[in-house]
Amino acid sequence: MSGNGNEKEQITLTIDGQELTVDKGTNVLEAAAQIGIEIPYFCWHPKLDSVGACRMCLVDVEKIPKPAVSCATEVMPGMVVKTATDEIIKARRGVLEFILLNHPLDCPTCDKGGECDLQDNVFNFGIDKSRQTFTRKRVIDTQTKTTFDDKRIGPEVWRNMNRCVTCFKCTRFNKEIAGEWDLGAFQRGSSTVIDAPPGEQIDNLYSGNVVEICPVGALTNNDWRYKIRNWKATKADSICSHDADGQNITLWYDHRQLFRATSRPNDAIDDGWICNIARYGYQYINSPDRLTKPLIKKGGTQVEATWPEAIELIAKKFSKIKGDKGSVCIAGLLGGNQSNETAYLFNQLFRSVLHSNSVDYRLEYTGLTDGEHSEAYNCLYDAPFQISSLETADCVLIYGSNLIKDHPAVNLRLRKAYRKNDAKVYTANPVETKSGDISTDELIYNPDCGTAFLVALTHALIDGKLYKNIDEAKAAEIKSLLEPSNLNEAATRCGIEVDRINYLASDLAGAKNLFILGGDYLRASSDRSRQANALYNLANLLDIPDSNSAILASQANSKGARFLGLSPQLPAKLAKTLADKWGTTLPESTGCNTSEILKGALEEEIDAVFVMGANPGMRYPDGPFVDAALDKLDFLVVADLFETATSLKADVVLPLAGWSEADGSYVNLSGMYQKFSRALKPKAGIKAGTEILQLLMTAIDPQLKFDLSSLSQNTRDVIDSWAIPQRDKEKFFPVKQAHIVDHEAFPYRLLIGNDLHHYGYLTEHCPSLMKFASEPYVELSTQLAEKLGIDDGDLLRIESTSGKLVLKSKISEFFEGDVIFIPNNFSAVDVNCLVSKETGGWVKIEKLDDK
């Protein structure tokens, strides 16, 4: 089906005597593949535009006098194709002979050996001797002389030009799919050189894909080079353990360690392309800094202990607190990248064994309350948005999201919609983003004024009578729910011109397949409830399908944790499902969410907290608050892979296995359930989350019986029982721009989040990702840098009412105005000390002396 829903015209042709019918627009190579006929190639790729660069896929087409390039020849009615005539075989041998003229005979040392298209094609179609009598041409980089003529052209990419077959897959991917320009083809013909532009390197977020699609060993990855032969590695199907897109990957490993991750194409999610975080983000599993033994605090110092000692202590302390003070004094926080199976048992531990409803997975919100987390927010968060559907859009509004950082796979689908479907793209954020390069208009609203922008857009739709399925009286009623109360005032408040907002409103209303998506800036905002209300209203005003308007989940399994009930309040249907599975009655007490748990600890109402696979001490966006709360606890248990800001405060620390060390499953942002397989066994002293929870539950309640063989099915049953809410098309919410905190002495708005090549707190243990960014920094606009006299790399003191840091500056083209950014991915600095719920994220900047 085409993007507009019309059936494509069908074409009937004959290939090697077999008649077949395919969609119009299919090329001969693709048509042949549909009936199992393999035509050799180097340059063709199903997701790239055909260019016919290598000429390896030649075929004979009746009534065409010369061999035709099958990857660039569209099927025609009645076409007769022959793929293996003597003439075609001879032509392919000729192509291979030309390719091999200067190709080095270094297969024994080439990392592509065993998975090389050139080896395969020579084996199938080549000849076993050469007519060459002249010396082979050798490309030598005068500045990078190495034994094998390798040149490093990026943090992780090496190039050997002598092996290149000039298929241009790498440069085509970079331009067509990623929209990047840090790799190009220079000169022409046999002198063509693939390289980064002068003074630059290929370091974009998707750069690892150019290595994977290279048909030969011209491009290789540093993390795989010379470590193991591909035929000696074992493969396991897996899922990226970081962002919520659910990128499908294959892990390559032996009995000792993981060696690489490659794409495992899933057109419903990633289209076969993965980001560098998915590609290199496995490396923390191999880190020598992993926790390998339990730790128990004795005399104020953490000392090594055995697993039985640690489990027994936790069981005794939890049981004592439950008996002396009640279950309401015990709480649990689970990381959003823990598997569904771990989440299921974590929930069972607290609700069934400890009888506490104080569990949460939402660890990065400030002042989170279920009342504030409105009906609108929950409905949009649960919306059945499908990543693949985005490519059919004709208009998209991305609100509150630096999409390339938040959702790398969704970002590529957006670019595909722009490139293939001529979609109009609008982005609205507090800073410029990468998506701005394809945006019809990139709207930058004033800091903390995103709600005012959405109010202005709603006014524009109503004033222009661009709404759908409501009458004027209803429109007037909706308008009365908005503050600021008119378009001009709201536009002034958000800092975006009225004309631009009107143009946006007109394009949104005129779209036939409109998508509105919200991301991390929205979710991290203290005003997120109002913004969710505004997006809900917009979706109803424009009559957008439920699947086309969504707030996107953040972590690998945050959606799964929600579906499994890892929050204080449970829907009635889910509560019944869990009670039936566990054979128990769930507690009736009111539970606490993350912020309430921390507040309860601070006020000595919560005595014990179990944190698994999370680091609120580093990631919770109110440093002083979380620091004081954790210090106040009587008993803190942390299960994690590494020593963290949170584990350092713990009374018991448990070494936790990583996602690749156990079978499990995730639910991605689309609600798609996906399994992943164990690659490695955990090293001695490390246990999987499911095993830790089983040990702890049986230590607390020895009568408890487990059937781990049914764990996966039980987990899936609970996930499937989650009822996706439908948007009430008749409902509209009041939306009011919140008052901005007084910040006269602190004039610059600080944003905290992920670096482009990092996600969460684990990726700093991935050596490849650290080559892209190895330390925290302050990112600021060229305008602000000029105003303050700051050069790139200068030391800056960043100070708020709650803390101060000294960091290097990084001047960015993606920032404008008085907004700065600091990544919260590096344990070396306590970034969240700069943020508190009382004062927001406003700071002042001082340039330090060069000394």
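The values are calculated or read from the model by the stated rules, or taken from the named source; none is laboratory data. Note that this is a predicted model, so its numbers are computed, not measured. In this analysis, Cβ positions are derived from the backbone assuming ideal geometry, glycine residues included, and neighbour counts consider all displayed protein chains. Ligands, DNA and RNA are stripped out before the accessible areas are found, and what is left, the full protein with its side chains, is counted by its heavy atoms. Shrake-Rupley method; radii C 1.70, N 1.55, O 1.52, S 1.80 Å.
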Please identify the pairs in which a residue from segment 244-258 that is without any contact (Cβ under 8 Å) to a residue 60 or more places away in the chain has its Cβ atom under 6 Å from the Cβ atom of a residue that is part of a strand (DSSP E or B) and crowded, with 16+ Cβ neighbours inside 10 Å, counting only partners at least 6 apart or on another chain.
ILE249/SER238; ILE249/ALA261; THR250/THR262; TRP252/PHE259; TRP252/ARG260
All-but-one check, ASN411 against (1) closer than 29 Å to PRO734 by Cα; (2) open to solvent by less than 20 Å² (accessible area, probe 1.4 Å); (3) under 28 Å from the mean Cα position of the chain (by Cα), failing number (1)
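Yes/no matrix, rows are residues, columns are (1) out of contact with any strand residue (DSSP E or B) (no Cβ under 6 Å at 6 or more places or on another chain); (2) loosely packed, with under 12 Cβ neighbours inside 10 Å:
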{"residue": "LEU58", "(1), (2)": "yes, no"}
{"residue": "PRO67", "(1), (2)": "no, no"}
{"residue": "ALA72", "(1), (2)": "yes, no"}
{"residue": "LYS82", "(1), (2)": "no, no"}
{"residue": "LEU96", "(1), (2)": "yes, no"}
{"residue": "CYS107", "(1), (2)": "yes, no"}
{"residue": "ASP117", "(1), (2)": "yes, no"}
{"residue": "LYS129", "(1), (2)": "yes, yes"}
Does LYS837 satisfy the condition of being within 23 Å of SER525 (Cα to Cα) and of a type in the set (Lys, Arg)?
yes
Helices (runs of 4 or more DSSP H) wholly inside segment 308-407 that include at least 2 residues being open to solvent by less than 20 Å² (accessible area, probe 1.4 Å) and not assigned by TED's automatic domain parsing to the domain that holds LYS687
375-381, 403-406
Pair list, Cβ < 9 Å and 6+ apart or interchain, from segment 92-103 residues that are in contact (Cβ under 8 Å) with a residue 24 or more places away in the chain and farther than 9 Å from GLY126 by Cβ to residues that are basic (Lys, Arg) and open to solvent by 50 Å² or more (accessible area, probe 1.4 Å):
VAL95/ARG55; LEU101/ARG136; LEU101/LYS137; ASN102/ARG136; ASN102/LYS137; ASN102/ARG138; HIS103/ARG136
Name the residue, out of GLU775, GLU744, that is farther than 26 Å from LYS434 by Cβ and part of a loop (DSSP other than H, G, I, E, B).
GLU744
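A quick yes/no check of all residues on (1) among the polar types (S, T, N, Q); (2) within 27 Å of ASP49 (Cα to Cα):
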residue: PRO67; (1), (2): no, yes
residue: THR73; (1), (2): yes, yes
residue: THR83; (1), (2): yes, yes
residue: PHE98; (1), (2): no, yes
residue: ASP106; (1), (2): no, no
residue: CYS110; (1), (2): no, no
residue: ASP120; (1), (2): no, yes
residue: ASN124; (1), (2): yes, yes
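Is it the case that segment 647-662 has a residue that's more than 30 Å from VAL829 (Cβ to Cβ) and touching a residue at least 24 places away in the same chain (Cβ under 8 Å)? So that I can check it myself, show each step before the final result.
So the first thing to find is which residues in segment 647-662 are more than 30 Å from VAL829 (Cβ to Cβ), and the list is 662.
Adding the requirement that they be touching a residue at least 24 places away in the same chain (Cβ under 8 Å) leaves 662.
Yes, there is a match, as at least one residue in segment 647-662 is more than 30 Å from VAL829 (Cβ to Cβ) and touching a residue at least 24 places away in the same chain (Cβ under 8 Å).
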Given the options ASN266, ASN222, ASN286, ASN204, name the one that is open to solvent by 20 Å² or more (accessible area, probe 1.4 Å) and closer than 23 Å to GLY519 by Cβ.
ASN266
In segment 691-705, which residue that is in contact (Cβ under 8 Å) with a residue 12 or more places away in the chain and over 30 Å from the mean Cα position of the chain (by Cα) is nearest to GLY671 (Cα to Cα)?
GLN694
I'd like the full set of residues that are assigned to a strand (DSSP E or B) and under 25 Å from the mean Cα position of the chain (by Cα), limited to segment 791-847.
LYS810, ILE811, SER812, VAL819, ILE820, PHE821, ILE822, PRO823
Filtering segment 147-189 down to residues that are among the aromatic types (Phe, Trp, Tyr), touching a residue at least 24 places away in the same chain (Cβ under 8 Å) and assigned to a strand (DSSP E or B) yields TRP158
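This table checks each residue for (1) in contact with a strand residue (DSSP E or B) (Cβ under 8 Å, 6 or more places away or on another chain); (2) among the polar types (S, T, N, Q); (3) without any contact (Cβ under 8 Å) to a residue 40 or more places away in the chain; (4) exposed (fewer than 15 other Cβ atoms within 10 Å of the Cβ).
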| site | (1), (2), (3), (4) |
| --- | --- |
| MET672 | no, no, no, no |
| ILE686 | yes, no, no, no |
| ASP707 | no, no, yes, yes |
| SER712 | yes, yes, no, no |
